[in-house]
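First the structure, in the form of structure tokens, and then the observations on it.
Bear in mind that the values in this text are calculations on the coordinates, not laboratory data. Computed from a predicted model, the values in this text were never measured in an experiment. Don't worry about glycine lacking a Cβ; one is built from the backbone with ideal geometry, like all the others, and counts go over all protein chains shown.
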Amino acid sequence: MPADRRFAGFSRRLTRGYVLLALFLIVAVGGATTAVAFVQFASSLDELVASSAQRATESAAAASARHESLAQYAPQLVREIERPRIRVVVRDTDGKVLAGSPAPPSRFVEAIAALLGIHAAIEHVDGGVVIVAPDIGGFARFLAYYWAIILPVGLLAMLIAWLAGRRLASNAIAPLSDVTRALRGIAAGDFTPEPLLSRNAELRELTTAYDDVAYRLSAATAERLRNENEMRQFIADAGHELRTPLTVVMGYLDTLRGGVVTDPEGIARVYETMLDESRRMRTVIEKLIFLARLERQAPPRKEPLEVDDLVRRAIAALAPVGGDRIAFERSEPATILGDGDELAEAFKNVIENALKYAPGSPVEVEVRSGGGYARVTMRDRGPGMSATDAEHAFDRFYRGSERVSAEGSGLGLAIAKRAVERAAGIIALESIPGRGTAVTMAFPLAREAVQL
């Protein structure tokens, strides 16, 4: 469904709102200006009527002093007092009109006069009355002319408001349409981020929020796919590593059951081989379980640890294998934060790799601190690694192109890397073919822990 039809109702309501607002403003402005004009006109007319009535009284008194009758000075009185907005009528005691225009105002004029509170002034003089009445017919004609101009202008303004309202509503709805279309794409399974540029400053926050969500969702999807691929590869590699010793054990069991080997020495060799393969499987399984524990989402334990103690713990665990080949050197005590079991296992795996892949070479373990970091370096003088092997050294089950015959699971450095990262550290490997390999792990110093 097109985006413009999807929000058509909202667009119409928004446009209607602009038109109604324009109508309200026109009526409000017109009504306010009319009210102001009415008030000013009524005030000035009241003053004019009052002053004219006063003049009529004075003129009548002067004429009476000259012994002139009302019929004699009435025309002159009307000429002197009457103004464009004033009507003057002189009547005798019988109600006969002696001078002036007695034409009654229209009902509309009377309604306006009553609304404004304007009334005629009646002055009693000798022989009759002088009526000074406001003439608002001219003002009514002016108002009619004024509204004759205001109404077409108002209609034009409403038309402009309608056109502008449609344009503004279209601009306001465009980001909503874009976001809706993009969200429907995500709902359909397309997680490719589609950057949206808001054409409306007030809705820029909406499109910015969508862009952030789209990029985060895309990154999360890519991470999920990467994890799934790694898990599939992990399962395949684990199956491969476990299949070989399991095949050997099953083969020897079939041999024993079939009576192929019957002499005691042969049977003893078969049992020893099966025991070795079983130990190999157990080692692989233990390392897989340990690596799976390192991969869990739960945050690692953080406790103050002395690096020297962890290194000695790893060396002691490898004493039966390494003997006096392991040399340990430290510069000064260094305290870091992390999980002791995880880091001790990491140090042990790195040293064990050096002992295994550099047979006969001494393994030097060095602890140094400086620049806010504690650095642990394990170095051997073995055959070293090629550039390709060094690049993949931390991959799971990778044992090097020239070391496939060496006993091992290929998980030691992968475990070490993950354990170091969980302690907010970094691990790096340098190797020169024929000159040996060095693995360095750096951890932030826990200075606050030292103070405690």
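Taking the Kirkwood radius as the inverse of the mean 1/r across Cα pairs, report the Rg/Rh of the range 299-451.
Answer for the range 299-451: 0.96.
Summing +1 for each Lys or Arg and -1 for each Asp or Glu, what net charge is found among the other residues whose Cβ lies under 15 Å from the Cβ of Gln54?
That works out to -4.
Among 254-260, 152-158, how do they line up from the highest to the lowest mean number of other beta-carbon atoms within 10 Å?
152-158, 254-260
Provide Rg over Rh for the range 235-381; use the alpha carbon set for both Rg and the Kirkwood Rh (inverse mean inverse pair distance).
Rg divided by Rh gives 1.11.
Per-residue counts of other Cβ atoms within 10 Å, averaged by peptide: what ranking do you get for 352-362, 22-32, highest first?
On the way: 352-362: 18.8, 22-32: 13.4.
By packing density, highest mean first, the sequence is 352-362, 22-32.
Tally Lys and Arg at +1 and Asp and Glu at -1 over the other residues with C-beta under 13 Å from the C-beta of His124: what net charge comes out? If you can, show how the numbers build up before the last one.
On the way: positive: Arg91; negative: Asp92, Glu123, Asp126.
That works out to -2.
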